[in-house]
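What follows is a short report on a single structure.
None of the figures in this text is laboratory data; all of them are computed from the coordinates on show. What you see is a predicted model; the values in this text were computed from it and never measured. Cβ atoms come from the backbone with ideal geometry, glycine included; neighbour counts cover every protein chain shown.
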Amino acid sequence: MTRISLTVDGAKVSDDVEPRMLLVQYLRERLGKTGTVIGCDTSNCGACTVHLNGASVKSCNVLAVQVDGAEVTTIEGLSVNGELHPVQAAFRECHGLQCGFCTPGMIMQSVDLLKENPHPSEEEIRLGLEGNLCRCTGYHNIVKSVQHAAGAGSAS
């Protein structure tokens, strides 16, 4: 076992973990952060995307021991005082989800994308989300949601 200490969604945590435990497993099984979804275990789908020290990462591709001393934000940590993050609100308003399985990862990646490029074009949004797969939609409303959150599109 290895002792790790980190901050998750603003709360400091310390725990003993197996060196081979994935961050996604730690978040879900130990901390109850079930919004971080296990989709493929191969880093192909992006459903497990979280922010690690402010940058999006696929948590199935990171060991829990690698985040010792880090700050992790999950989909549960985006809202503040019960208010949805603007990207979460845009996904709701623009119907950027269908079954919801990919939505947490899409939102986390979109937040990172908009941090890097506050006013992306449609092509830049599609490129920025290419590592996140949705099995239900044609991505139109996902792109529309990101545009809406950026103030570059409409909610209609």
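Annotations for the structure displayed:
- Just so you know, in segment 1-52 the residues that are touching a Ser or Thr at 6+ places or on another chain (Cβ under 8 Å) and of a type in the set (Ser, Thr, Tyr) include one that is surrounded by the most Cβ atoms within 10 Å (Cβ to Cβ), and it is 49.
- Within segment 113-122, the set of residues being buried (at least 20 other Cβ atoms within 10 Å of the Cβ) and in a helix (DSSP H, G or I) comprises 113, 114.
- Among the residues here, residue 96 does not qualify as in a loop (DSSP other than H, G, I, E, B), among the small types (Gly, Ala, Ser) and at positive phi.
- Per-region count, segment 9-45, residues over 24 Å from residue 129 (Cβ atoms) and β-branched (Val, Ile, Thr): 2
- Condition check for residue 43: in contact (Cβ under 8 Å) with a residue 12 or more places away in the chain, among the polar types (S, T, N, Q), part of a loop (DSSP other than H, G, I, E, B) and under 16 Å from residue 104 (Cβ atoms): yes
- Only a single criterion out of (1) out of contact with any strand residue (DSSP E or B) (no Cβ under 7 Å at 6 or more places or on another chain); (2) among the small types (Gly, Ala, Ser); (3) surrounded by 23 or more Cβ atoms within 10 Å (Cβ to Cβ); (4) not in a helix (DSSP H, G or I) is not satisfied by residue 110, namely (4).
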